[in-house]
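Structure first, commentary second.
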Amino acid sequence: MTVRKQVHRTVGVTRREFLVASAAAWACACSVQTVQTEAVWTTWGCPGQRDGEFLRPRAVGAFGGEIYVIDTTGRVQVFSEQGEFQRKWHMPAADNGTPTGVAFDHNGRVLIADTHYSAIREYTPEGDLVVEWGSYGSQPGNFIYPTDIARHPDGRSFISEYGMDADRVQVFDSNNEFLFSFGEFGAEPGQFSRAMAIDVFEDRVYVCDTVNHRIQLFDLEGKCLQIIGNSGENGQRLKYPYDTAMLPDGGILACEYGNNRVSHFSPEGKFLGAYGGPGRDPGQFHGPRGVAVSSRGMAYVADTDNHRIQSFTLG
């Protein structure tokens, strides 16, 4: 392992349509001008299935001084903040696909939306399964493709989802009982097309509305308050944002698969700059799908098609 530092349709977008559109977006990302924000970069990982190696890492999370990474083998690998391998465990199955998000509650429990198995699985930091819940279906309380989970301090869980009749956010109480849902397939405010990630910050819910190229901000009852990233000059607009990470001041980092960068927005939703650009060198990305921020203020990115993790200081 090497660690390097460098100065209205009722059915949503099909998987094939989504992959074709995403690939086209990556191909034209080289023509997008990125406002490069100064940062110090660290990279680790390479293609492979040994400890510390990755096959297309899709999800990354930071908690308690450790970094959690899930790749397409279904492994959950845990690292120090410096990229040193600590331990791992495996999801129960990975043949149908692997999780697209990893999150944590305030007690450090690891929360994983097992996307292609229509379930939520909760683990200890050591990888012991605590509880699993959810089943396949589009009815309230069931899941088609749950993509991510965010847990409010009061115990409520907010789960982003896509699939037939299931482009929505579902909300559950602290006992994992269904409360209500909001959203449907579409492009209007409050509607979604492949909501791939979700965060909760100070009684606000942030949803990565991927195919609509935007982030939507809601209150805890599902009222749409603001849309971020779909206005401004060309270089300031989001393209296939796959994940978000909240900063302590309420700012937002958005991991953009289509622009091969991480964009930085103020708490008010103003574009401040971006990190990265298309490529394979340190400080460049190829199809990134996840971003997380540690308590020390370091950003970590799942640089998916480069089979590695990159971290950088926030400037």
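The numbers here are math on the coordinates, done by the rules we state, and not lab data. What you are looking at is a predicted structure, and each value in this text was computed from that prediction instead of being measured. Ideal geometry is used to build each Cβ from the backbone, glycine not excepted, and the neighbour counts take in all protein chains shown.
Things to note:
- Extension reserve of the Asn142-Asn96 stretch, reckoned as 0.36 nm per residue once the Cα distance is removed: 14.8 nm
- Qualifying trypsin sites (Lys or Arg not before Pro) for segment 154-242 [loop in DSSP, other Cβ within 10 Å: at most 13]: Lys223
- For Met164, Met196, Met246, the sequence from fewest to most other C-beta atoms within 10 Å is Met164, Met246, Met196.
- Simple spin-label estimate for Glu184 and Asp51 gives 5.1 nm between the two label positions (7 Å along the Cα-to-Cβ direction from each Cα).
- Extension reserve of the Glu126-Asn175 stretch, reckoned as 0.36 nm per residue once the Cα distance is removed: 15.4 nm
- Contact order relative to length of segment 41-170, as percent, for alpha carbon pairs under 8 angstrom and 6 or more apart: 14 percent
- Going by neighbour counts of Cβ atoms within 10 Å, the residues Cys208, Cys224, Cys255, Cys46 line up, fewest first, as Cys46, Cys224, Cys208, Cys255.
- Computing FRET efficiency as 1/(1 + (r/R0)^6) for His106 and Lys223, where r is the C-beta to C-beta distance and R0 is 25 Å, gives about 0.55.
- Span from the segment 145-189 Cα centroid across to the segment 281-304 one, whole angstrom: 25 Å
- Gain on full extension, evaluated as 0.36 nm per residue between Ser80 and Arg156 minus their Cα-Cα distance, stands at 24.5 nm.
- Dividing the summed -39500 (n - 2.57) terms of all DSSP H runs of n ≥ 4 by the residue count of the chain sets its mean residue ellipticity at 222 nm at -1500 deg cm²/dmol.
- Restricting attention to segment 3-313, lysine pairs at least eight places apart or on different chains and with alpha-carbon atoms under 29 angstrom apart total 5.
- Radius 13 Å from Cβ of Arg109, net charge of other residues (Lys, Arg +1; Asp, Glu -1): -3
- Distance from segment 190-229 to segment 238-257 (C-alpha centre basis), Å: 11 Å
- Rounded, prolate or oblate (a/c below 1.5 giving rounded, otherwise prolate when a/b exceeds b/c) for segment 50-119 by Cα gyration tensor: oblate
- For the chain, the fraction of C-alpha pairs farther apart than 31 angstrom is 21 percent.
- Net +/- balance of residues flanking His90 in space, Cβ distance below 13 Å, scoring K and R +1, D and E -1: -1
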